[in-house]
1. Please list, ordered by first then second residue, the pairs with beta carbon atoms under 6 Å, 6 or more apart or interchain, first in the range 1-27 and farther than 21 Å from residue 69 by Cα, second among the small types (Gly, Ala, Ser).
2. Residues of the range 28-52 being assigned to a loop (DSSP other than H, G, I, E, B) and either surrounded by 14 or more Cβ atoms within 10 Å (Cβ to Cβ) or in contact (Cβ under 8 Å) with a residue 12 or more places away in the chain (or both), which ones?
3. Tell me which residues, restricted to the range 1-27, are within 14 Å of residue 59 (Cα to Cα) and assigned to a helix (DSSP H, G or I).
4. Could you tell me whether any residue of the range 18-34 is among the β-branched types (Val, Ile, Thr) and at pLDDT below 90?
5. Tally time: how many residues in the range 49-94 are acidic (Asp, Glu) and in contact with a Lys or Arg (Cβ under 8 Å, 6 or more places away or on another chain)?
6. Which one is modelled with the highest pLDDT among residues in the range 65-119 that are closer than 19 Å to residue 2 by Cβ and part of a loop (DSSP other than H, G, I, E, B)?
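The values are calculated or read from the model by the stated rules, or taken from the named source; none is laboratory data. Quantities reported herein were computed from a predicted structural model and do not represent experimental measurements. Glycine gets a Cβ as well: all are built from the backbone with ideal geometry, and neighbour counts include every protein chain shown.
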Amino acid sequence: MRDYEIVYIFAPSLEEAQVTEKLDRYHGLLTGTNGGEITATDHWGRRQLAYAVERQSSGYYVVEHFRAPGEALPEFERALKLDDDVLRYLVVVNEGDLPTTPVPPVEKREDESDEEGDS
């Protein structure tokens, strides 16, 4: 069993309850017969995307940490690819204990310039 981290970006039209239902279904794929476990789940909520994805300018972000055998991932990822409400996802091997708390965006100060070299 290995430690993994996944970031989901769901369609912004989904409410938190609907996202939780989808997550429960995905958790079943990881924990059912494969013996995996979900170690942390953090709902970041709706956030602006850097660029449009499937004609959406925002998405509902969720970050999770889980432990599962490698054999569980192909079926899990297949289910994610088939779900039209999942705009993007990324599964990576988690090699450290980084927090899942979102970092707030840094706001530009008025005295900062958009171009380098301005005085």
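1. 9/59; 12/58; 12/59
2. 34, 35, 36
3. Within the range 1-27, 16, 18, 19 qualify.
4. yes
5. 2
6. 69
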